[in-house]
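Before any comments, here is the structure.
No lab work stands behind these numbers, since they all come straight from the coordinates. Model, not experiment: these values are computed from the prediction. Cβ sites come from the backbone with ideal geometry, for glycine too, and all protein chains shown count toward neighbours.
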Ligand code: GLA
């Protein structure tokens, strides 16, 4: 019996080794996703690439507060629906992004009557209504949500929390409240706290503190989103691995939510546009080696990792071409702007079979 099964087993093992897409290569390990815009899912070439390679989509911008509720009570789902329809037609899971965030949230949210700031009650009620309206609409369709984004402070200080308007008015309790509202709207949804720079260093500790506060408040949180906007220089993969294990020890699922790998040091240490036409081969190799090391580590930790999502489809549409240095071309993803696979793509595929 065992012997008769062997050839089938070999065939399956061989098909992973020779997988010609990310989703096949990692199908036994974790979902592989990408953040998209409505333009991405309308463009034939990008559509093909997305369908072939990924089994999960995140909303790059169109579920952010400024798009979905630009004025009080005026909900706009048209753009998000384009992504939802594409995902449904292609059997992909969806991650919604995001509710409590200091950025891309319109001023009216924080304003009260007579030009005064919104009261605590008013702001909480707006948050509740926003979350519940959106999550009710997409119940059973969008299965995972980045409920709170980037709450950890970038600075050393007494509080681990960023001093945003949310925190000023509602205190750190706003985070637990957002999770409660989300859980009420869709008890089956996977609810994440999402942040950047928490893969290593002092922000890792701040995020751990925020998660411990959430646990104390008995917030219905399912997991942590590590944005993972990293560079080819930093942080070291063993540091990222340590962080993943620390988060998992809190009983949380780990989602890698916004992965890309800048070819520049730091975020804005180098302001010159060094590689305006293409990325030099030595850097492409360095990037490929590091992506390989990273994905091998993800596989070692697959029992903790539910999903790895890239932020944008190819180098030509990466947000890093505009941020933090406008019009500085970056080359952070697996496909170049002609949609040709880079050495990093082969490296990520090969990491799945070794
Ligand atoms: C952060 C946010 C995302 C997006 C990226 C840059 O990581 O979470 O929504 O704005 O920055 O595109």
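The alpha carbon radius of gyration of the chain, expressed as a multiple of 2.2 N^0.38 Å, is 1.01. The angle between the Cα long axis of helix 78-89 and the main principal axis of the chain comes to about 40°, on a 0 to 90 degree scale. Structural descriptor for segment 114-253: relative contact order 25 percent, calculated from alpha carbon pairs under 8 angstrom and at least 6 residues apart. Quick one: compute the contact order of segment 241-354, relative version, from alpha carbon pairs under 8 angstrom and 6+ residues apart, as a percent. It comes to 36 percent, rounded to a whole number.
Legend: ranking of residues 289, 213, 260, 85 from fewest to most surrounding C-beta atoms inside 10 Å; resulting order 85, 289, 213, 260. Residue separation of residue 239 and residue 19 scaled by 0.36 nm, minus their Cα-Cα distance, works out to 76.3 nm of gained length. Averaging Cα coordinates gives a centre for segment 183-201 and one for segment 317-336; these two points are 26 Å apart. How far, in degrees from 0 to 90, does helix 120-137 lean away from the longest principal axis of the Cα atoms of the chain, to the nearest 10? Rounded to the nearest ten degrees, it is 40. Summary value for the chain: 17 percent relative contact order, contacts being C-alpha pairs under 8 angstrom separated by 6+ residues. To the nearest 10 degrees, how steep is helix 201-216 against the longest Cα principal axis of the chain, on a 0 to 90 scale? Orientation of helix 201-216: about 60 degrees from the principal axis. With R₀ set to 30 Å, the beta-carbon distance separating residue 154 from residue 303 gives a calculated FRET efficiency near 0.45. Given R₀ = 30 Å, what would the calculated FRET efficiency be for residue 52 paired with residue 319, taking r from the Cβ atoms and rounding to 0.05? Taking R0 as 30 Å, the efficiency between residue 52 and residue 319 is 0.85. Placing a label point 7 Å from the Cα of residue 85 along the Cα-to-Cβ direction, the residues of segment 19-54 with a backbone N closer than 11 Å are 42.
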